[in-house]
Amino acid sequence: MGDMRGFLSLCALLLIGYGSSIGAQEAPPHAKYSADPWTLEQLLTLLKEGRESLIQFEEKTYSSLLTEPLVTRGVLRFLPPSTLEKEVLEPYLERYRIEGDQVSFESERKHVKKTVSLETYPALRSVVDAFRASLAGDAVRLKQTYTTVLDGDRRAWTLLLRPQDRAGQAMIEHILISGSEGRIATITVRAADGDRSVMKLSRGTPP
């Protein structure tokens, strides 16, 4: 598939089980902040609980091939149990979808509509497998695929992921996710060639 880069931020969401939007928000009144260490297992549980079916995004892509960042806007949809869709609405129409072992891409501007198997793309295969592990609360399996570094606390955290296998490293240098409680604020994906994208998430439907 010619445009796998558009899947990277989507895969980042898949990887952590698709949390919801906006960073620093007030914690629920009943929330209690323990002095115990903040763990990946706790974060995955919060993200799973905070998952929403639809959120908006704005994504800036920085590339050596561009004279200025490319800004796209659209929506992300989660369809239980494991389908995720990214629909670009501005400045053009594109749709990315991962469902089971199938990856589909549809672009109005490129006049492309195709579906491929994840078996063709080992790097994406490993990301989706890790996602399924995270949905199951299997942090151990996630750590087998990615080196994970969790900083901060549940009120303001960052999670750095680096692929451990060569297939993943050929596509992704790292994924940096920030958020608060079970809500994701930003996802930064740095590709192996140095290009990067920064996606900001927000609640609600587009106007």
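Before moving on, here are some points about what is shown:
- Restricting region 183-206 to residues that are in a loop (DSSP other than H, G, I, E, B) and within 14 Å of Glu58 (Cα to Cα), the residue that is modelled with the highest pLDDT: Arg203
- Residue, least open to solvent (accessible area, probe 1.4 Å), within region 139-179, restricted to residues that are of a type in the set (Gly, Ala, Ser) and at pLDDT 85 or above: Gly179
- Region 81-107, subset out of contact with any Pro (no Cβ under 7 Å at 6 or more places or on another chain) and within 19 Å of Arg203 (Cβ to Cβ), residue most open to solvent (accessible area, probe 1.4 Å): Glu90
- Members of region 58-96 that are under 18 Å from Arg190 (Cβ atoms) and either touching a Gly at 6+ places or on another chain (Cβ under 6 Å) or at pLDDT below 90 (or both): Ser63, Ser64, Leu65, Leu66
- Selection within region 63-80: residues that are touching a residue at least 60 places away in the same chain (Cβ under 8 Å) and among the polar types (S, T, N, Q). The member of this set that is least open to solvent (accessible area, probe 1.4 Å) is Ser63.
The values are calculated or read from the model by the stated rules, or taken from the named source; none is laboratory data. Values in this document were obtained by computation on a predicted structure and should not be read as measured data. Backbone-built Cβ (ideal geometry, glycine too); neighbour counts: all protein chains shown. Side chains included, ligands, DNA and RNA excluded: accessible areas come from the protein's heavy atoms. Shrake-Rupley method; radii C 1.70, N 1.55, O 1.52, S 1.80 Å.
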